[in-house]
Amino acid sequence: MKKLFKGLGISFLALALVVGVGAGSANAALTFGATSVTTDGAFTVTSVAGTSVNMFAANTTGSINIGGTSQTSGATTLYGGTGTGAITLTPGTAGTIVIGAAAGTGAISLGTSSAAQSINIGTGDAVKTIVVGNSTAGGASITTIHAGTGGLNLATTADARTIAIGTGAAANTWNIGTGDAIQTANLFTASSAHVITIGHNTAGEASQLILGVGTGGLSIGTTADARTSNILTGAAIQTVNIATGAAANVVTIGSTTGAASMTLNVGTGNFALVTAATSTITIGAAQTSGTTTLGGTAQTGTITLGSSSGTNIVNVGTGAGATTVNIATGVAADVVNIATGGTGAQVVTIGTATSRSNLAGKLVISSTETIVAGGTTTALSLFKPVHYIDSDAGGDIFTLADGVDGQITTILLTSSTGVATVTPANAAGGTSYTLNADGESLILQFMDTEWFIVGGNGYTII
């Protein structure tokens, strides 16, 4: 020692300096009674191998400082052995261990060895509160946890707990499994009754949830369990888009197994089934029994089939089976209109050559024409089955072109002061027919290129 007890002056006589016999031996003792030891050079304390060195063991109060508060270079190193607890920092029962200065800017490194190590923090069998990083809002603190191929385990013991991650009232960005590699992400896959909530359900917030998948597909509720799946059931205006991308999507809803059922509800916003121009719509193609109903049981609106402005075909009951088609069979006073809206040459066919048509009620033919007397030649319409004609004193002539096989037309003379002459283009058994008194009539049917008389009253063949 270059200078011992510097600054003490004459008071060094008060020191009790005792060096035990056999200094450097296992039983050596070195005692300083002074309040400080100062050196202006290197200071070394050595002991014999295998001995225990106790420093400040009798302290009950006060501070023990190792290293200077103004040290700007050099290192403070604590070496330990290779056994368990080689270096131990043990405070009192309620003591605190502080590593790092309160305003320090240097790095604190634990377990930086390049060898395999186990680092245990708070592993004692007691209730621990472990804080990593600071919670000061607005700070740019970064907490990074790295793991190798051995994995990263959080809360793996069989204890009921609450795990809070990113619960601060701030705009957080969460990145889980975003690496550019094949990731397998398992969330709550254990066989338990989990309650999983993703996103929040506060009304009025602009929250958004996106599930992105690749060609591997997206599966929801695929196990063989009875469950209820609710999608957008909130009491607000929802817009639901399913497979609306511009691609040849295949969308299947529901199954045909057992008592499977499906209900599509709509309000006053209407229901629209929009297809491509050449689509084929099939309803109940595999159905072999059961009932298919269109329209409500108390509906007062209109049900329209085939309202196209183009040429189309509406088929009802055209299968090879024996089909019964019921139209307006209710107990109310129904009105059935068939081909009544067009102005063109409509063709209405009922039955075939081997079928039978039954008319249980009154047959009323409402399509008629009335031709007043004018002393001229007038062509009778082939599209009116009943003709009311008049004849004046000079006589009137009515021509009738060829019809189609089976067509029937009725001519009634309702007013006459002269002779009405009916001249078909091709008449069977004559060339013309005359009517000259009110109430006379003529019923003709076109067959085999000619008009035949099948009924009438008071007519004359000429």
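The values are calculated or read from the model by the stated rules, or taken from the named source; none is laboratory data. Computed from a predicted model, the values in this text were never measured in an experiment. Glycine gets a Cβ as well: all are built from the backbone with ideal geometry, and neighbour counts include every protein chain shown.
So that you can scan it fast, the table gives a plain yes or no per residue for (1) more than 22 Å from GLY306 (Cβ to Cβ); (2) basic (Lys, Arg); (3) touching an Asp or Glu at 6+ places or on another chain (Cβ under 7 Å); (4) surrounded by 15 or more Cβ atoms within 10 Å (Cβ to Cβ):
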{"residue": "ALA345", "(1), (2), (3), (4)": "no, no, no, no"}
{"residue": "VAL348", "(1), (2), (3), (4)": "no, no, no, no"}
{"residue": "VAL364", "(1), (2), (3), (4)": "yes, no, no, no"}
{"residue": "THR377", "(1), (2), (3), (4)": "yes, no, no, no"}
{"residue": "ALA393", "(1), (2), (3), (4)": "yes, no, no, no"}
{"residue": "LEU412", "(1), (2), (3), (4)": "yes, no, no, yes"}
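The number of residues in region 159-208 that are among the acidic types (Asp, Glu) and either closer than 27 Å to GLY234 by Cβ or surrounded by 10 or more Cβ atoms within 10 Å (Cβ to Cβ) (or both) comes to 1.
Going by the structure shown, is ILE119 within 26 Å of THR88 (Cβ to Cβ), at pLDDT 85 or above and surrounded by fewer than 10 Cβ atoms within 10 Å (Cβ to Cβ)? The answer is yes for ILE119.
Residue pairs whose Cβ atoms lie under 9 Å apart, sitting 6 or more positions apart in sequence or on different chains, and linking a residue in region 434-445 that is of a type in the set (Asp, Glu) to a partner that is assigned to a loop (DSSP other than H, G, I, E, B), are GLU440/GLY458; GLU440/TYR459. Can you tell me which residue among SER109, SER135 is within 26 Å of GLY168 (Cα to Cα) and assigned to a loop (DSSP other than H, G, I, E, B)? Step by step, each of SER109, SER135 is checked, and only SER135 is within 26 Å of GLY168 (Cα to Cα) and assigned to a loop (DSSP other than H, G, I, E, B).
For the structure I just gave you, tell me whether PHE398 is among the hydrophobic types (A, V, I, L, M, F, W, C) and in contact with a His (Cβ under 9 Å, 6 or more places away or on another chain).
yes
Of all residues in region 34-93, those satisfying the criterion of being of a type in the set (Ser, Thr, Tyr), under 29 Å from SER118 (Cβ atoms) and modelled with pLDDT under 75 are THR82, THR84. Condition test on SER229, is it exposed (fewer than 10 other Cβ atoms within 10 Å of the Cβ), within 25 Å of VAL266 (Cβ to Cβ) and without any contact (Cβ under 8 Å) to a residue 12 or more places away in the chain? Taking the combined requirement at face value, the residue satisfies it.
Taking first residues from region 447-460 that are within 12 Å of VAL404 (Cα to Cα) and partners that are of a type in the set (A, V, I, L, M, F, W, C), the Cβ contacts under 7 Å between residues at least 6 apart in sequence or on separate chains come to GLU450/ALA427; GLU450/ALA428; TRP451/LEU400; TRP451/ALA427; TRP451/ALA428; TRP451/LEU444.
From the list THR144, THR157, the one residue that fits, being more than 30 Å from ILE210 (Cβ to Cβ) and of a type outside the set (A, V, I, L, M), is THR157.
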